[in-house]
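What follows is a set of notes on a single structure, which appears directly below.
The values are calculated or read from the model by the stated rules, or taken from the named source; none is laboratory data. Computed from a prediction, not measured in an experiment: that's the story for all the values here. Here the Cβ positions follow ideal geometry from the backbone for every residue, glycine too, while neighbour counts run over all protein chains shown.
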Amino acid sequence: MNQKIKKAVIPAAGLGTRFLPVTKAVPKEMIPIIDKPMIHYIVEEAVQSGIEDIVLITSRHKEDLERYFDYNYELEDRLMKSGKEDWAKQLKIIAESCNIICAYQKEPAGLGHAVGCAKAVIGNETFAVLLGDDLIDAKVPCTKQLMAIYEKHGVSTVGVMEVPEEDVIKYGIVGGTPIDDRTFKVTTMVEKPKKEEAPSRFAIPGRYIVDAKIFNHIKETKPGRGGEVQFTDALLNLAKKDGLLAYQFEGDRYDTGDRLGYLDATITFGLRRPELREGLLALMRKHFK
Ligand code: G1P
């Protein structure tokens, strides 16, 4: 029986340049989809997958992230006293849903480097990595689906989805040999390849289950694309030496780091909220006239 995964890393140290100017002063992870910051959805996916400890990799000027997952005693007290107990409870639930441990990435040296900053907290355990720009809407949380594959095979696993040829340049792309309908053994991986250099159209939208051996591979990974220590390059070494599976998860993915992907997620989640649905549909009809 493979070990249950209880720890996750959420890299959140990026500059958020795709969302300037707001990210000049607001961490991109704090931008809300309706009324919850994006990071809240990611933490929810982790918690619903059974994660107990989350290592948030942050950087200077990102204190808001830590504050969001802390108690706000004064606000909770005021809400209680003004008859808004439900709200007070909901705010407490956010702070109590898991342990958030913040680790600093002191220099913007790439995603591989960012994950490496969690080493002291993760130790020797297999852990999940969830990237904050990718919101995955699924009946069974994507991370939980990957955990099931890890539990079955005992091998690190990345989530993949098929993307159009012109989009391979946006992602880490994997290639490999099939094990079953949805799973394959990874033999090659390229970070943001040109379409003629892509080994397949299977892209990693930011969900991973990785053995702690990845930390050694990160240490040995030289800066690659863009002069950064790429997580994809470290994963390829892990694949070659220790094995790596790719699993085509079930669910819809939204690239919330992109303005249109962000609007798509906002409309989708808005339509699902009973108190907003009718009003939002009326707004949409107005714009279609
Ligand atoms: C990162 C990873 C890439 C992955 C992508 C998913 O790239 O490096 O392998 O496919 O996230 O969103 P970024 O989008 O941060 O440049």
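Quick rundown of the values:
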{"quantity": "Restricting the stretch 213-232 to residues that are touching a strand residue (DSSP E or B) at 6+ places or on another chain (Cβ under 7 Å) and surrounded by fewer than 24 Cβ atoms within 10 Å (Cβ to Cβ), the residue that is modelled with the highest pLDDT", "calculated": "Thr232"}
{"quantity": "Search result, residues across the stretch 81-101 that are surrounded by fewer than 12 Cβ atoms within 10 Å (Cβ to Cβ) and in a helix (DSSP H, G or I)", "calculated": "Lys81, Asp86, Ile93, Glu96"}
{"quantity": "The stretch 158-195: number of residues that are within 11 Å of the ligand (Cβ to nearest atom) and either touching a His at 6+ places or on another chain (Cβ under 9 Å) or hydroxyl-bearing (Ser, Thr, Tyr) (or both)", "calculated": "1"}
{"quantity": "Residues of the stretch 37-80 that turn out to be exposed (fewer than 14 other Cβ atoms within 10 Å of the Cβ), at negative phi and in a loop (DSSP other than H, G, I, E, B), as a count", "calculated": "3"}
{"quantity": "Some residue of the stretch 179-199 being in contact with a Gly (Cβ under 9 Å, 6 or more places away or on another chain) and small (Gly, Ala, Ser)", "calculated": "yes"}
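For (1) more than 10 Å from the ligand (Cβ to nearest atom); (2) farther than 23 Å from Gly257 by Cα; (3) among the charged types (D, E, K, R), each residue gets a yes or a no:
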{"position": "Leu146", "(1), (2), (3)": "yes, no, no"}
{"position": "Glu151", "(1), (2), (3)": "yes, yes, yes"}
{"position": "Pro199", "(1), (2), (3)": "yes, yes, no"}
{"position": "Tyr208", "(1), (2), (3)": "no, no, no"}
{"position": "Pro223", "(1), (2), (3)": "yes, yes, no"}
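To keep it simple, each residue is scored yes or no on (1) aliphatic (A, V, I, L, M); (2) farther than 26 Å from Val174 by Cα; (3) free of Cβ contacts under 8 Å to residues at least 12 places away in the same chain.
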site: Leu111; (1), (2), (3): yes, no, no
site: Ala120; (1), (2), (3): yes, yes, no
site: Val140; (1), (2), (3): yes, no, no
site: Thr157; (1), (2), (3): no, no, no
